[in-house]
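So the structure is just underneath, and the comments pick up after that.
The values are calculated or read from the model by the stated rules, or taken from the named source; none is laboratory data. Nothing here was measured: the structure is a model prediction, and the numbers come from that model. Because the Cβ atoms are built from the backbone with ideal geometry, glycine has one as well, and the counts that use them run over all protein chains shown. Calculation scope for accessible area: heavy atoms of the full protein, side chains included, ligands and nucleic acids excluded. Shrake-Rupley method; radii C 1.70, N 1.55, O 1.52, S 1.80 Å.
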Amino acid sequence: MIEREMEDLLWHHTDKLLNEPLKQFRRQARSSVGRSDLVFTDRLGRLLVIEIKRGKLERQAVDQLHDYYGSLKKEFPDQPVEVMAIAHSIPDERKIACDRLNIEAREISEKKFRDVASEVGYVFLSERKKDPVEPDGAPTKGGSQAVTR
């Protein structure tokens, strides 16, 4: 499982992973400070920018979220903006720092992502073996691709 696949699942299934239906707003949006993974609007109309990290939430993710917050506030000064970091694990000191900086830090286990993927029929292409190739170099029938229901 790679971050892009975690992002795919979250983009399409916030209700299953965050227990809240969110409206898609932007994905991998470029700004002067970089690309935010996902931006949603919640039921109250607030923007929610989410940074996803596979494995442990590293220190630089906190700085990234500050930049994405600033970028969205610059573009939408009158709209409330919330920030969230999602990772498989978040060290205690990082949880404390995120709390102090008004960043919601959520651990979502790899198992949870896999359970949701299984439930919705999503295939992790990063874990599939390469499709067999015909002698002329063309892929054989039945090529794979990520699927969501």
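Using the alpha-carbon centroid of each, what span in Å lies between the range 1-15 and the range 32-90?
Here the answer is 15 Å between Cα centres.
Please report the orientation-averaged projected area of the range 42-109, defined via the convex hull of its C-alpha atoms, in nm².
Mean orientational projected area (the range 42-109, Cα hull): 4.6 nm².
So if we plug the beta-carbon distance of ASP115 and LYS56 into 1/(1 + (r/R0)^6) with R0 = 25 Å, what FRET efficiency do we get, rounded to 0.05?
0.75
Taking a probe of 1.4 angstrom, what is the accessible area of LEU44 in Å², to the nearest 10?
Answer for LEU44: close to 120 Å² accessible.
Mind checking the full-extension length gain between LEU101 and PHE76? Use 0.36 nm per residue of separation minus the Cα-Cα distance, one decimal, nm.
Values: separation 25, 0.36 × 25 = 9.00 nm, distance 2.01 nm.
Contour length minus the Cα-Cα distance gives 7.0 nm.
Using the 2.2 N^0.38 Å rule of thumb for compact globular proteins, work out how the range 71-110 stacks up: its C-alpha Rg over that value, please.
Here the Cα radius of gyration is 1.39 times the empirical estimate.
Would you tally the net charge around PHE76, using a Cβ to Cβ cut-off of less than 12 Å, leaving PHE76 out, and scoring K and R as +1, D and E as -1? Don't skip to the answer; put the middle values down first.
On the way: positive: ARG26, ARG46, LYS73, LYS74; negative: GLU75, ASP78.
Charge balance in the 12 Å sphere: +2.
For each pair in LYS56/LYS129; LYS73/LYS111; LYS74/LYS95; LYS53/LYS95; LYS23/LYS129; LYS56/LYS111, compute the distance between the two Cα atoms and list the pairs where it is over 24 Å. Spell out each step's value before the answer.
Numbers: LYS56/LYS129 26 Å; LYS73/LYS111 34 Å; LYS74/LYS95 26 Å; LYS53/LYS95 14 Å; LYS23/LYS129 34 Å; LYS56/LYS111 15 Å.
As for pairs spanning more than 24 Å Cα to Cα, those are LYS56/LYS129; LYS73/LYS111; LYS74/LYS95; LYS23/LYS129.
Could you check the simple spin-label distance between ASP67 and LYS23, using points 7 Å along Cα→Cβ, in nm with one decimal?
2.9 nm
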